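Notes to accompany the following structure.
The values are calculated or read from the model by the stated rules, or taken from the named source; none is laboratory data. Predicted, not measured: the structure shown is a model, and the values here were computed from it. Neighbour counts run over all protein chains shown; Cβ positions are idealised from the backbone, glycine included.
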Amino acid sequence: MVPDAAKRDFFYGVNFEFSYEMPQFSLTPWNMEIRPIIGVRNKEWEFIVNPIVDVVFGPPDEADFAPAARLARNLGEDRFIGLEYYSDFGRIGNFLPLQQQSQQLYAVTDFKVNEVDVELGVGYGFTPGSDRLIFKAIIGYAFPVPGKKDDSGSSQNTPLAMATPRPSQNPLIVK
């Protein structure tokens, strides 16, 4: 992320994830997700876009486009409500027909319980290629970085960013 992203109105960054999936869950075990993060926020709202590219290493050697977006209202005291959109259009250069694409919209709420981040949501898939009804619960904890303090003297928290689910996986919000 850009330095001091939590204090900026406009922020950006990129996240790279390498993964290995067991053969019973994936035809290609080695994968990489490239997740650009582009966001704007003010005291009341935040809008984040992730034009995600999922890369498969090995046959069929393809890259999928799986964009995601989030619009959330800040209720104060680390509490948000909002909408999150997740999709998987399929292979770049040869998108799937709309009926086979994954297109899902979630109503979500985020809040803190002491130092623990909690997100709860319910999602609905709009296409036959989507899961119809999905519930999600994400619990996170930001481990303190020794010697890293914010202006108030407490440990820094990273800004909220989005990820997109791979087919048959739940979405993940990274705090």
>> Tally up the residues in the stretch 1-16 that are assigned to a strand (DSSP E or B) and under 14 Å from ASN50 (Cβ atoms), please.
In response: 6
>> For the structure I just gave you, tell me whether PHE111 is over 17 Å from ILE138 (Cβ atoms), surrounded by fewer than 17 Cβ atoms within 10 Å (Cβ to Cβ) and in contact with a strand residue (DSSP E or B) (Cβ under 9 Å, 6 or more places away or on another chain).
In response: no
> How many residues does the stretch 80-94 hold that are in contact (Cβ under 8 Å) with a residue 24 or more places away in the chain and either surrounded by 18 or more Cβ atoms within 10 Å (Cβ to Cβ) or under 25 Å from LEU133 (Cβ atoms) (or both)?
Replying inline: 10
>> Can you tell me which condition PRO97 does not meet? The list is (1) loosely packed, with under 12 Cβ neighbours inside 10 Å; (2) modelled with pLDDT under 95, and all the others hold.
In response: (2)
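So that you can scan it fast, the table gives a plain yes or no per residue for (1) within 18 Å of ILE92 (Cβ to Cβ); (2) touching a helix residue (DSSP H, G or I) at 6+ places or on another chain (Cβ under 6 Å); (3) surrounded by 16 or more Cβ atoms within 10 Å (Cβ to Cβ):
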{"residue": "ASN15", "(1), (2), (3)": "no, no, yes"}
{"residue": "PHE25", "(1), (2), (3)": "no, no, no"}
{"residue": "ARG35", "(1), (2), (3)": "yes, no, yes"}
{"residue": "GLY39", "(1), (2), (3)": "no, no, yes"}
{"residue": "ASN42", "(1), (2), (3)": "no, no, no"}
{"residue": "ASN50", "(1), (2), (3)": "yes, no, yes"}
{"residue": "ASP54", "(1), (2), (3)": "yes, no, yes"}
{"residue": "PRO59", "(1), (2), (3)": "yes, no, no"}
> How many residues are exposed (fewer than 15 other Cβ atoms within 10 Å of the Cβ), modelled with pLDDT under 50 and in contact with a Phe, Trp or Tyr (Cβ under 7 Å, 6 or more places away or on another chain) when one looks only at the stretch 122-175?
Replying inline: 0
